[in-house]
């Protein structure tokens, strides 16, 4: 039985190691995705502004 419990412990250690790798990969992909989204939004805003589609809002008084 002793050999079986040692094998089980090794399996648990390997499992935890695999999960750490998966978690790191997920966190890295999330970081890259957020950075990419920010670059895309900034690029779209710049293109819209340059083309005159996106204009800054001006406060106007409502006449009523």
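Data overview
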{"item": "Any hit, the range 23-32, residues being loosely packed, with under 10 Cβ neighbours inside 10 Å and at pLDDT 85 or above", "result": "no"}
{"item": "Test: residue in the range 1-10 that is out of contact with any helix residue (DSSP H, G or I) (no Cβ under 6 Å at 6 or more places or on another chain), surrounded by 10 or more Cβ atoms within 10 Å (Cβ to Cβ) and at pLDDT 90 or above", "result": "no"}
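The values are calculated or read from the model by the stated rules, or taken from the named source; none is laboratory data. What you see is a predicted model; the values in this text were computed from it and never measured. As a convention, Cβ positions derive from the backbone with ideal geometry for all residues, glycine included, and neighbour counts pool all protein chains shown.
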